[in-house]
Amino acid sequence: MTNVVAVAERELKSYFVSPVAYVITALFLLISGFLFSVILLQSNEATLRYLFSNLGVIWLFITPALTMRLLAEESRSGTIELLLTNPVRDFEVVLGKYLGALGFLLFMVACTLYYPLLLFIFGEPDPDVGPMLTGYLGVILQGAAFLAIGLLASSLTQNQIVAAVLTFAILLILWLSESVANFVGRPMGDVTRYLSTTSHFQDFSRGVIDTTHVVYFLSIVAAALFLTLLSLQARRWRA
Amino acid sequence: MIDVQHLTKDYGAYRALHDVTFRVEKGEVLGFLGPNGAGKTTTMRILTGYMPASSGTAKIAGYDVFTQSVEARRRVGYMPENVPLYGEMTVRGYLDFMAKIKNIPRAERKIQVERVMESTRTTERSNQLIEKLSKGFRQRVGLAQALLGNPDVLVLDEPTVGLDPKQIIEVRNLIRGLGGDHTVILSTHILPEVSVTCSRVVIINDGRVVAVDTPDNLTRRLRGSEAIQLEVRGPRAAVTARLQSVPSVTAVTIASDGRSDGVTTYNVACELGGDARELLAAAVVGGGFGLLELRQAGMSLEDVFLKLTTDETDTGSGEVAA
């Protein structure tokens with residue numbers, strides 16, 4: 001477990017010294033701040049509900065950039081060799097990397113906490129706390145699932161750009177698969193609808209925690225991390 | 001301390017290692033000498049558990065590097081070729097991270113990091129980012145990282161590549177000082193390097209172990225003697241004297257005994273150039289002894305030496321091209 005913490009901590013620190021992470025955070029805050037104010041001015045409602053569904057779209061673009069470096073850069077520069085020849089188990093590397101990225105995502109989410117604060121100070125009457133909490137939970141779960149997919153893509157290549165594009169492609173397919181459902185008919189359509197992240201996200205912003213949705217996101221995380229582990233072990237066999 | 005048995009590694013159809021077998025005793029500094037592409041890095045990667053062998057076993061302190069990988073890795077400090085480091089970290093931050101994943105207890109960590117920085121003389125740069133360091137300093141950070149936790153075994157892949165002559169001497173002295181407490185295995189393609197740092201040398205070429213010997217013996221062989229092996233029937237003293245009378249012969253040693261029929265195998269060292277085989281045959285037959293076999297031995301070693309870098313001065317430029 002100490003290894004997981006050590007790897008995660010190193011990863012998190014390296015985000016904060018990387019210019020990419022600052023650019024991403026700035027961009028994220030710029031776009032989400034813009035959306036927050038525009039939505040607020042138009043709706044005149046003290047709610048974050050509409051913002052949350054937009055944050056999901058922003059994740060689509062931002063998480064590939066957060067995860068592309070994780071394992072691809074290690075294998076390009078060769079540092080993976082030093083990591084894997086130390087008494088660190090493969091799953092500790094995967095878990096550590098993932099938690100590091102998740103930590104940075106949580107930091108980005110924490111940067112948006114002044115939106116609800118503004119609503120509480122100026123909102124008349126006070127906004128509803130419940131939907132805000134579930135909304136944030138949904139945003140974080142969705143981000144967590146996207147990061148796991150990004151980590152998997154990063155383990156498959158030595159090239160960061162390839163990792164980012166691959167992640168984005170997978171996320172986009174998951175995102176859009178709901179709209180496919182209407183064309184392909186019942187049995188297949190049910191499958192694509194279930195796979196779609198959109199259909200699982202909506203309830204959270206409405207203030208509902210449905211376990212099926214939580215299970216959906218957590219299974220994506222588990223499946224992607226497991227495949228990453230396999231990909232890391234397969235590399236050992238191939239190398 | 002290190003026991004490698006019949007190691008074979010295939011990369012697809014290409015066989016990088018053929019049946020490599022050698023042992024390293026505790027406290028020994030073993031040089032792994034061979035031209036580029038001979039299989040040195042492959043062997044080291046197998047030893048450190050980075051990748052598995054296709055067949056054969058390797059044990060470190062009694063732990064199999066594949067089946068008991070984590071236990072084996074705990075006892076090894078490894079410095080890979082090209083020294084991959086995290087450029088965005090400071091020297092101290094990096095070493096602290098490595099100390100953590102080597103499971104060095106919190107209380108000891110700071111002391112250990114200071115100690116390895118001291119012994120590799122990187123303390124003065126401890127707060128600098130690794131990416132800003134010169135090649136020589138990176139190399140030393142790589143070495144410092146390998147020394148963390150006082151591992152029983154140190155595996156150093158080309159530790160002096162890319163260093164300037166002064167740094168090379170420093171690193172060699174450092175490595176020599178490590179023998180005794182640590183078992184060191186270092187790879188190189190530079191012949192003089194092994195003679196200054198190693199107590200024993202394994203020469204590898206095209207994935208096969210060609211020779212295992214002390215550096216002195218190897219240099220003697222290199223200085224150019226040609227080895228010829230003879231099987232002769234007859235009294236030993238008389239045969240030896242007869243062989244020594246041949247002009248270009250520098251030494252005659254008896255390779256095997258214990259044969260009841262009076263046949264003895266002799267190893268004859270001759271000066272290089274000018275084939276002594278005819279003269280030897282004539283001398284044996286002329287002396288009235290029975291010549292059963294005469295053949296040239298150790299030629300493959302000569303071939304390997306030809307491919308090795310024997311001149312210290314051209315190592316820098318040679319490395320750029322490689």
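The values are calculated or read from the model by the stated rules, or taken from the named source; none is laboratory data. Note that the structure is a prediction, hence the values are computed from the model and not measured. Please note: Cβ atoms are built from the backbone with ideal geometry, for glycine as well, and neighbour counts cover all protein chains shown.
Looking at the range A:196-239, which of the residues that are assigned to a helix (DSSP H, G or I), within 14 Å of another protein chain (Cβ to nearest Cβ) and free of Cβ contacts under 8 Å to residues at least 12 places away in the same chain is nearest to the chain's Cα centre (by Cα)?
Only one residue fits best here, namely A:234.
Residue A:70 - would you say it is under 20 Å from the mean Cα position of the chain (by Cα), within 14 Å of another protein chain (Cβ to nearest Cβ) and either outside any helix (DSSP H, G or I) or small (Gly, Ala, Ser) (or both)?
Yes; evaluated as a whole, the condition is true for this residue.
Quick check on residue A:143: is it under 24 Å from residue A:220 (Cα atoms) and within 14 Å of chain B (Cβ to nearest Cβ)?
Against the criterion (under 24 Å from residue A:220 (Cα atoms) and within 14 Å of chain B (Cβ to nearest Cβ)), residue A:143 does not qualify.
If I filter the range B:36-44 for residues that are under 17 Å from residue A:86 (Cβ atoms) and under 16 Å from the mean Cα position of the chain (by Cα), do I get at least one hit?
yes
If you check residue A:47 against the conditions, is it more than 14 Å from chain B (Cβ to nearest Cβ), outside any helix (DSSP H, G or I) and either free of Cβ contacts under 8 Å to residues at least 40 places away in the same chain or buried (at least 19 other Cβ atoms within 10 Å of the Cβ) (or both)?
yes
State all residues of the range B:35-57 that are on the phi < 0 side of the Ramachandran plot and in a loop (DSSP other than H, G, I, E, B); if no residue qualifies, say none.
B:35, B:36, B:38, B:48, B:50, B:51, B:52, B:53, B:54
Could you list, in sequence order, the residues of the range B:81-115 that are assigned to a helix (DSSP H, G or I) and closer than 26 Å to residue A:75 by Cβ?
B:91, B:92, B:93, B:94, B:95, B:96, B:97, B:98, B:99, B:100, B:101
Keeping to the range B:220-247, report how many residues are at pLDDT below 80, surrounded by 13 or more Cβ atoms within 10 Å (Cβ to Cβ) and of a type outside the set (A, V, I, L, M, F, W, C).
Qualifying residue count for the region: 5.
Within the set of pairs 6+ apart or on separate chains, which have a first residue in the range B:30-57 that is within 14 Å of another protein chain (Cβ to nearest Cβ) and over 13 Å from residue B:9 (Cβ atoms), a second that is in a loop (DSSP other than H, G, I, E, B) and not aliphatic (A, V, I, L, M), and C-beta atoms under 6 Å apart?
B:48/A:85; B:49/A:85
Considering (1) buried (at least 16 other Cβ atoms within 10 Å of the Cβ); (2) over 21 Å from residue A:80 (Cβ atoms); (3) under 21 Å from the mean Cα position of the chain (by Cα), say which one residue B:27 fails and leave the rest.
(1)
Taking the condition within 14 Å of another protein chain (Cβ to nearest Cβ), surrounded by fewer than 23 Cβ atoms within 10 Å (Cβ to Cβ) and under 21 Å from residue B:162 (Cα atoms), does residue B:93 pass?
no
Looking at this structure, is residue B:116 more than 12 Å from chain A (Cβ to nearest Cβ), modelled with pLDDT of 90 or more and either crowded, with 17+ Cβ neighbours inside 10 Å or closer than 24 Å to residue B:168 by Cα (or both)?
So residue B:116 passes the test.
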